[in-house]
Structures are given as C-alpha cells and as structure tokens.
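The values are calculated or read from the model by the stated rules, or taken from the named source; none is laboratory data. This is a predicted model, so every value here is computed, not measured. No Cβ is skipped: glycine too gets one built from the backbone with ideal geometry, and neighbour counts run over all protein chains shown.
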Amino acid sequence: MGGSGARNPAPQSADNSPIAIICGGGAFPAAVADAVTKRGRSVHLFLLRGYADPALARYPHEWIKLGSAAKYMNARHSHGARELVVIGSVVRPRLWQIGFDWKSLLYLPQIAKLFLGGDNSLLSGLARIFEEHGLKLRGAHEVAPELLMPAGLATRIEPTDRERGDIEVGSQLLHALDSFDVGQAVVVAGRRIVAIEGAEGTAGLLARVAEMRRSGRLKLAEREGVLVKLPKPSQDRRIDLPAIGTDTIVQAKEAGLAGIAVEAGGSLVLDAQQFVETADAAGLFVIALPASRQAAE
C-alpha cells in the first residue's frame, strides 16, 4: 500500500477505566470496540435501538433509545467509564422520535435549540452536555488511530492534472461552506460543481450523481469527476469524522467517477488494504490530502 503517512499509536494514558461507546449503525462501532480491546482496555457499549448491529452484543452492552440520557450520562458511576466515544451512523430524528427519559427531558429546551442548527451544531452541543457530567468525549480516531487514512497516494492510479484541479475546487467549496454547516462531500467534474452532499449522506449523493448520468441530465465522459470528502474546518473532530469504505468505492464507480480525495488523518477507513485493492480493481484513484490547519481539535 502506498502513502507516506505513519499511523501513530493511541495516546498513552494511565487511565485503564472502561471506555463507553455509544454505537449507531454501520461497521465502525465494531472496529473501534475491537481496536480498544486489543490495546487492553475494556469497553461498555450503549447500542442504539434501530441502528446498532446486534452482533455488537458480544461486548458488555445495553440497548438504549436515543433519548436514554440517564444511562449514558451516568456511565462513569454505573460502569466506571471516564471517557465516551460516539460512533456510527444515525438518521437525524425528529424530536418526538427520540424517546426521552426523565433526565433528557430536563435538557429538552437546550436540545430543542440544538436541533435548529446543522449536524455540527447539534453534535457539538450534545458533546458539551456529556462533558458537564464528567465524561471526557474522545474521538474514534483518538482511541483507534489505526482507522485513520494515512497521508499520500493510496492507489497505483494517480489523478491527472485535470482531476487535481477538480480536487482543489472541491476543497475550496467545502471550506467556504463551513459556516453553513452542511455536508462533508462534493462531486466536481471539469472544475464544475456537480453535486453537494445534503441530508442524504455520501451514499445518497453518489446515487444522485449516478441517476443524473443515467437520465442524461449530467453529460460527462465515461470516467470523469471526483468525490472530495473532507471534515469541516470548524468541526469538532471527536464527533462525525468523515468515513469511507469499500462501499464508497463501489458507489463512486457506479456514479462514473474517476477517483476520491479525502484528508490524511481526517477520514476513518475500514480495512485499508482491502479498501485500496478495491479502488485499484475498480480503476479509481484514492488520494489523501494534507490535513487542514484550520481544523478544530
């Protein structure tokens, strides 16, 4: 596998207390739990009903609703956890779908205000509530740094000068959109903005591009365009760091794209070797850009 970025070990800590993990959907919650336990720390999982993979029940766990604040806010007392990780996909619910318990009801006015903003505003606000209860919020990349994309070119296929121009346009757009708290991804072709990620997520974005090509509303060469997926400059990286996987490669190929650009150390990736092999086999390039110095820690 190419790339010059080294994977740094997890930060050393004398704290061997369990790590509490709130688990949404997808494969990343399992990857984080596996990585933490391999380092010798125990975990306690809060599995979100309707989202988390039932296979995660192999770990110490309890099933919860999104609004089960009393359980995960008391993780320090009930499970000895001092640190909390939030990982996995969750479709943003309406307030009435959260299933508030008595403790979350106490925060209802505060949570209702958070729902008026974008995802970054919502998640950062929830993070502050966690920390008010003595839980140190940790990013998945902090407890499982081996899941981060390394710097440099990952695939044998390199982007052309034209495609590097598309990457630059996409990067500039995502930085400019930061204050609007919208998606983390954009598709650019011929320095033209083709589509911007909205509430549908990256998979929905790529499906939209594929449909536009099939319908003839988007006329491009057979393999043209780049997916640029980067964290927002002001984003709290402890929550909602961009994630890519082999499914992203498949979706990008179906959308007729030439490649994918992500940020080195700013994107989570499952099974990096398989990811690169899948991209090479699909004829797509993957490149990791230098980290933005504007990023919020």
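A count restricted to the range 22-81 and to residues that are in contact with a His (Cβ under 9 Å, 6 or more places away or on another chain) and among the acidic types (Asp, Glu) stands at 1.
Would you call residue 182 free of Cβ contacts under 8 Å to residues at least 60 places away in the same chain and of a type in the set (Val, Ile, Thr)? Steps first, please.
Working: free of Cβ contacts under 8 Å to residues at least 60 places away in the same chain: no; of a type in the set (Val, Ile, Thr): yes.
Against the criterion (free of Cβ contacts under 8 Å to residues at least 60 places away in the same chain and of a type in the set (Val, Ile, Thr)), residue 182 does not qualify.
If you go through the range 150-163, how many residues are part of a helix (DSSP H, G or I) and exposed (fewer than 15 other Cβ atoms within 10 Å of the Cβ)? Result for the range 150-163: 2. Every test in (1) free of Cβ contacts under 8 Å to residues at least 24 places away in the same chain; (2) over 14 Å from residue 166 (Cβ atoms); (3) of a type in the set (A, V, I, L, M) is passed by residue 195 save one, and that test is (2). Restricting attention to the range 36-71, the residues that are surrounded by fewer than 18 Cβ atoms within 10 Å (Cβ to Cβ) and small (Gly, Ala, Ser) add up to 6. Which of the residues that make up the range 170-181 are part of a loop (DSSP other than H, G, I, E, B) and either polar (S, T, N, Q) or modelled with pLDDT under 80 (or both)? If the condition is that a residue be part of a loop (DSSP other than H, G, I, E, B) and either polar (S, T, N, Q) or modelled with pLDDT under 80 (or both), then 181 is the only one that fits. Could we say that residue 167 is touching a helix residue (DSSP H, G or I) at 6+ places or on another chain (Cβ under 6 Å), assigned to a helix (DSSP H, G or I) and of a type outside the set (Lys, Arg) here? Taking the combined requirement at face value, the residue does not satisfy it. The residues of the range 130-149 that are within 13 Å of the chain's Cα centre (by Cα) and part of a helix (DSSP H, G or I), listed by number, are 140, 141, 147.
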